[in-house]
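> Take this structure first; my questions come after.
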Amino acid sequence: MSSGAWVTADGIRRVAILGAGWMGSGIAQVFAQAGYEVRLWARRAEGLDAALARIRANQRTMRDLGALDE
C-alpha cells in the first residue's frame, strides 16, 4: 500500500464485536443501524442481556427524539 492509501470495507456485511459492555453495545448498535449483520459476544449471558437492553433503550430514545425511523 502506498503512503496515505485508505483501506475500505467494500464487501464486508458481517461484523463481530467482542465485549458487550458500554462500548461494545454502542459499536454493535452503530453497525446494526448501518445495515451490517452483527454478532455480539459477552462472557456471560447477563452481559449480553444488559447490552441488548441498552441498545433497545438507546433506540427508543433516538426514535423519541426523531433521530431514528421505526
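The values are calculated or read from the model by the stated rules, or taken from the named source; none is laboratory data. These figures come from a predicted structure and were not determined experimentally. Cβ placement follows ideal geometry from the backbone for every residue including glycine, while neighbour counts extend to all protein chains displayed. Areas reflect the complete protein model, heavy atoms only, side chains present, ligands, DNA and RNA absent. Shrake-Rupley method; radii C 1.70, N 1.55, O 1.52, S 1.80 Å.
> Across the chain, where is the longest run that never hits trypsin sites (Lys or Arg not before Pro) in a DSSP loop with at most 12 other C-beta atoms within 10 Å? Let's see the in-between values first.
Values: sites that count: Arg13, Arg43, Arg44.
Between the exposed loop sites, the longest stretch runs 14-42.
> Return one whole number: the accessible area per residue of the chain in Å², for a 1.4 Å probe.
Spelled out: the 1.4 Å probe surface of the chain, per residue, equals 81 Å².
> Label point 7 Å out from Leu65 along Cα-to-Cβ: which residues of the stretch 29-58 have amide N under 12 Å?
58
> Within the accessible area of the chain, what % is carbon and sulfur when the probe is 1.4 Å and the other protein chains stay in place?
56
> Let me ask something else about it. Of (1) 13.5; (2) 12.0; (3) 13.1, which is the value of Kirkwood radius over Cα pairs in Å derived from the coordinates here?
Recomputing Kirkwood radius over Cα pairs in Å here gives the entry labelled (1).
> On a 0 to 90° scale, report how tilted helix 45-64 is relative to the longest principal axis of the chain, with both axes built from alpha carbons and the result rounded to the nearest 10.
Compared with the principal axis, the helix lies near 90 degrees.
> If a/c stays under 1.5 just call it rounded; otherwise compare a/b with b/c (prolate if a/b is bigger, oblate if not). Do that for the stretch 31-70, with a ≥ b ≥ c from the square roots of the Cα gyration tensor eigenvalues.
Oblate, because a/c is 1.5 or more while a/b does not exceed b/c.
> Treat each spin label as a single point 7 Å out from the Cα along the C-beta direction, and report the Arg44 to Leu18 distance in nm.
Result for the modelled spin labels: 2.1 nm.
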